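Coordinate-derived values only; no laboratory data. None of the values given here were measured: they were computed from a predicted structure. In this analysis, Cβ positions are derived from the backbone assuming ideal geometry, glycine residues included, and neighbour counts consider all displayed protein chains.
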Amino acid sequence: MVPSRWVFGYGSLIWRPAFEYAERAPAHVRGWERRFHQGSTDHRGTPEQPGRVVTLEPADDSRCWGMAYRVEEAVWTRVVEGLDVRESGGYVRHRVQLTFAESSRETQDAEMYVAAAGNRNYLGPASIDAIARQVLRSEGPSGHNVEYVLELQQALVTMGADDAHVEALAARVQQLRSGG
């Protein structure tokens with residue numbers, strides 16, 4: 001087998017990895033929960049009107065589902081350099097252990113990007129309604145912030161992964177879009 005490493009994505013990397021990989025598989029990390037606490041001034045918003053995107057917050061009894069990508073060693077440096085640029089708005093790499101949805105697979109170490117509280121674009125907690133209203137107002141070079149929320153929600157549904165925070169936000173965004 002060709003030497004390889006793993007990357008874990010829990011936001012837009014689930015449906016739009018935009019890098020070369022040898023394999024992808026649903027997986028989760030323990031001790032983290034997905035939250036729309038990170039501002040996006042470079043992809044789904046602007047410096048004047050930041051969008052809201054996900055980061056992970058520590059949560060002892062939680063697990064966060066996403067997509068794991070096996071990257072061959074020969075392209076690893078190029079892939080990580082590209083991800084370092086893509087995730088430059090406050091995200092830093094963390095080493096984590098993946099557990100795959102397919103129970104017969106062994107756990108794997110992986111790299112993932114987390115935007116911790118205190119980074120320059122961190123927006124922090126807010127009500128689902130406030131986040132939804134900000135999402136509706138925000139658009140950036142990668143598209144409208146609504147698209148990000150709904151694509152993430154659909155990707156998680158397709159994987160069979162439950163995430164109450166994403167579901168609640170997607171429902172509120174859709175409700176506000178239809179005049180509610």
Legend entry - For E72, net neighbour charge (Lys/Arg +1, Asp/Glu -1) across residues whose Cβ lies under 9 Å away: 0
Inset, instruction - Return a whole-number percent for the relative contact order of the chain, with Cα pairs under 8 Å and 6 or more residues apart as the contact set. - result: 29
Inset, instruction - Using label points projected 7 Å from each Cα along Cα→Cβ, tell me how many nm separate R120 and E23, to one decimal. - result: 3.9
Inset, instruction - Could you work out the local net charge near Q38, counting Lys and Arg as +1, Asp and Glu as -1, over the other residues with Cβ closer than 11 Å to its Cβ? - result: +3
Inset, instruction - Report, by chain and number, residues whose modeled amide H sits under 5 Å from the one on V54, excluding near sequence neighbours (fewer than 5 apart, same chain). - result: none
Inset, instruction - Starting from the Cα gyration tensor of the stretch 1-115, take the square roots of the eigenvalues, sort them a ≥ b ≥ c, and report rounded, prolate or oblate (rounded when a/c is under 1.5, otherwise prolate if a/b is larger than b/c, else oblate). - result: oblate
Legend entry - Charge sum, other residues only, whose C-beta stays under 11 Å from G143's C-beta, Lys/Arg counted +1 and Asp/Glu -1: -1
Inset, instruction - Would you please give the residues with an amide H less than 5 Å from that of A116, counting only those at least 5 places away or on a separate chain, with H modeled from the backbone geometry? - result: V92
Legend entry - Estimated FRET transfer efficiency (H94, E48; beta-carbon r; R0 25 Å; 0.05): 0.25
Legend entry - Neighbour cut-off at most 13 other Cβ (10 Å), DSSP loop, GluC sites (Glu not before Pro), the stretch 99-165: E102, E106
Inset, instruction - Kindly provide the helix-only [θ] at 222 nm of the chain, computed as the sum of -39,500 (n - 2.57) over DSSP H runs of four or more divided by all residues, to the nearest 500 deg cm²/dmol? - result: -9500 deg cm²/dmol
